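Trainee: Starting off with a structure, shown below.
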Amino acid sequence: PRAEGESPGWFTFYAPYFVPNPPDLEGLSFRYDDRGTEIRYLAPEGRVYRWRTFELGAPARFVMDAYFVPPPQVRAVAPGFELRREYVWTPEPLELVRLVAAAGAWKLRPVGTPGRRRKLPEMAPGALAVLNGGYYDPKTATPIGLWVVDGVPVSLPYGRSALMWDGGLPQAAVPKFEAWVETGGGERYRVGLNRWPARLTAHTLPGRVGRAGENVIVVRGDQVLHTYPAPVVLEPGQWALTYPDGDGEWTGRLKPGARLSLYVRLDPPVRYALEAGPLLVQAGRLAYHPEAEGFAEGAAQIEKVTYQAAVAWTREGELWFVTSGKTTPGVLAEQLLALGAWGAIRMDAGGSAQLYLRGALVFPERARPVVSGLALWPAD
């Protein structure tokens with residue numbers, strides 16, 4: 001029969017089967033009687049174990065899994081801050097490392113420099129903790145998505161969920177915005193932006209832009225460089241405006257050297273923001289819908305079993321910096337919800353997922369320079 005449990009010390013149960021050639025493992029013993037086989041486990045000192053039993057296949061085979069893990073560890077690191085190491089069951093054991101900041105005890109800031117990779121402690125000297133931030137283009141270190149510091153956009157929206165806050169408890173959602181371009185003559189035109197295309201679309205990331213049947217105005221800063229038939233490969237520091245080929249209003253209108261400026265207004269404005277995604281938990285409910293944020297079905301970004309990083313918070317105002325062992329963001333979302341998260345968003349994952357405490361790497365074992373991070377200080 002299907003069953004599962006968790007126990008320290010000894011645990012004994014019976015299988016209604018004869019178990020031939022039992023494995024010779026430390027802490028595991030077998031005894032036969034008329035009911036079947038008695039299986040007895042002894043957890044290593046200072047550890048607990050999780051077990052599950054089930055039938056598999058036809059004809060049915062009796063299967064038992066058992067995992068020995070350390071018990072939860074909680075360490076105070078500053079007034080109002082705790083570092084928690086624990087295992088959750090998915091049903092396999094998954095290690096979670098969380099820095100938990102009490103309500104009102106913390107202040108949070110995005111850190112880093114677009115176009116430059118650095119180790120996280122270098123971005124925020126003196127910070128109590130630093131977690132890796134959002135996605136970036138690996139070739140150019142260009143941040144992908146919204147990044148706002150003191151109300152000033154450092155990077156423009158891509159179209160996925162962002163962590164946003166004004167000094168208090170954060171929220172996570174796809175930011176609402178209005179985008180437009182303005183010519184040297186003062187004419188304004190509404191435009192789509194990155195993952196939200198329109199008849200006129202602004203593109204702000206390096207790489208291939210534009211589709212067949214479009215023209216591409218390449219701009220550096222607010223100065224037009226040239227107009228080309230699509231597609232075009234943008235270089236770092238450039239942005240582009242695409243429009244339908246044959247559009248009489250735009251064809252041949254902006255010569256090299258002409259002014260064309262791009263503006264974005266967030267609704268509502270925020271003081272701090274960092275885009276990543278996908279959203280994991282919202283208003284105390286599972287909110288994991290990566291396809292709605294442009295993550296293709298089956299994409300390695302969401303399907304790969306790898307290290308994860310997330311920011312989560314409770315309804316009471318706790319803030320969590322979370323890193324985990326190798327899993328998927330969907331599994332992480334379920335576990336954070338089970339732990340009591342009111343909201344949560346995944347940050348960049350894989351080798352970028354890192355948590356530092358007072359300048360020392362806490363999880364995982366290897367550091368990687370990244371473009372952005374989230375730094376945490378005591379509120380005072």
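The values are calculated or read from the model by the stated rules, or taken from the named source; none is laboratory data. What you see is a predicted model; the values in this text were computed from it and never measured. Virtual Cβ from ideal backbone geometry, glycine too; neighbours counted across all protein chains shown.
Trainee: Failed condition for Gly257, given (1) assigned to a loop (DSSP other than H, G, I, E, B); (2) of a type outside the set (Ser, Thr, Tyr); (3) closer than 25 Å to Ser155 by Cβ, with all others met?
Mentor: Unmet condition: (3).
Listed here are the residues, each with its yes/no results for (1) of a type outside the set (Phe, Trp, Tyr); (2) assigned by TED's automatic domain parsing to the domain that holds Gly284; (3) in contact with a Leu (Cβ under 8 Å, 6 or more places away or on another chain).
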site	(1), (2), (3)
Asp137	yes, yes, yes
Val148	yes, yes, yes
Arg160	yes, yes, no
Gly168	yes, yes, no
Trp196	no, no, no
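Trainee: Any idea how many residues of the range 122-135 are within 20 Å of Phe295 (Cβ to Cβ) and surrounded by 24 or more Cβ atoms within 10 Å (Cβ to Cβ)?
Mentor: Matching residues across the range 122-135 total 3.
Trainee: For the condition assigned by TED's automatic domain parsing to the domain that holds Thr113, closer than 30 Å to Arg190 by Cα and under 12 Å from the mean Cα position of the chain (by Cα), what is the one hit in Pro290, Pro329?
Mentor: Pro290
Trainee: Got a sec? Which of Tyr135, Tyr189 is among the aromatic types (Phe, Trp, Tyr) and closer than 19 Å to Ala353 by Cβ?
Mentor: Selected residue: Tyr135, the only one of Tyr135, Tyr189 that is among the aromatic types (Phe, Trp, Tyr) and closer than 19 Å to Ala353 by Cβ.
Trainee: Moving on to the next point. Quick check: is even one residue across the range 157-171 farther than 30 Å from Leu357 by Cβ, of a type in the set (D, E, K, R) and out of contact with any Lys or Arg (no Cβ under 6 Å at 6 or more places or on another chain)?
Mentor: no
Trainee: Pairs under 6 Å by beta carbon, first residue closer than 14 Å to Val149 by Cβ in the range 107-128, partner outside any strand (DSSP E or B) and hydrophobic (A, V, I, L, M, F, W, C), six or more apart or different chains?
Mentor: Once the first residue is closer than 14 Å to Val149 by Cβ and sits in the range 107-128, its partners that are outside any strand (DSSP E or B) and hydrophobic (A, V, I, L, M, F, W, C) give Lys107/Ala379; Val111/Met123; Val111/Ala124; Gly112/Met123; Gly112/Val371.
Trainee: Could you tell me whether Ala349 is buried (at least 24 other Cβ atoms within 10 Å of the Cβ) and assigned by TED's automatic domain parsing to the domain that holds Met164?
Mentor: yes
Trainee: Hey, which of the strands (runs of 3 or more DSSP E) in the range 1-82, taking only ones fully inside, have at least 2 residues that are farther than 30 Å from Arg358 by Cα and out of contact with any Gly (no Cβ under 6 Å at 6 or more places or on another chain)?
Mentor: 3-8, 10-15, 28-33, 36-42, 48-56, 61-69
Trainee: How many residues, within the range 290-329, are at negative phi and surrounded by 15 or more Cβ atoms within 10 Å (Cβ to Cβ)?
Mentor: Adding up the residues that qualify gives 27.
Trainee: Applying the selection to the range 201-213, what residues are under 16 Å from Tyr158 (Cα atoms) and not polar (S, T, N, Q)?
Mentor: If the condition is that a residue be under 16 Å from Tyr158 (Cα atoms) and not polar (S, T, N, Q), then Ala202, His203, Leu205, Pro206, Gly207, Arg208, Val209, Gly210 are the ones that fit.
Trainee: Would you call Glu82 among the charged types (D, E, K, R), buried (at least 17 other Cβ atoms within 10 Å of the Cβ) and under 22 Å from Leu361 (Cα atoms)?
Mentor: no
Trainee: From Gly168, Gly185, Gly237, Gly192, grab the single residue that is loosely packed, with under 14 Cβ neighbours inside 10 Å and either more than 28 Å from Tyr135 (Cα to Cα) or modelled with pLDDT of 95 or more (or both).
Mentor: Answer to the selection: Gly185.
Trainee: Out of the range 347-377, which residues are over 21 Å from Ala162 (Cα atoms) and part of a loop (DSSP other than H, G, I, E, B)?
Mentor: Arg358, Gly359, Pro364, Glu365, Arg366, Ala367, Arg368, Pro369
Trainee: Could you tell me whether any residue of the range 100-112 is in contact with a helix residue (DSSP H, G or I) (Cβ under 8 Å, 6 or more places away or on another chain), part of a strand (DSSP E or B) and under 30 Å from Tyr272 (Cα atoms)?
Mentor: Checked against the condition, which is being in contact with a helix residue (DSSP H, G or I) (Cβ under 8 Å, 6 or more places away or on another chain), part of a strand (DSSP E or B) and under 30 Å from Tyr272 (Cα atoms), the range 100-112 yields at least one hit.
Trainee: Same structure again: Quick one: which strands (runs of 3 or more DSSP E) sit completely within the range 269-346 and have at least 1 residues that are modelled with pLDDT of 95 or more and farther than 21 Å from Val362 by Cα?
Mentor: 272-275, 279-282, 343-346
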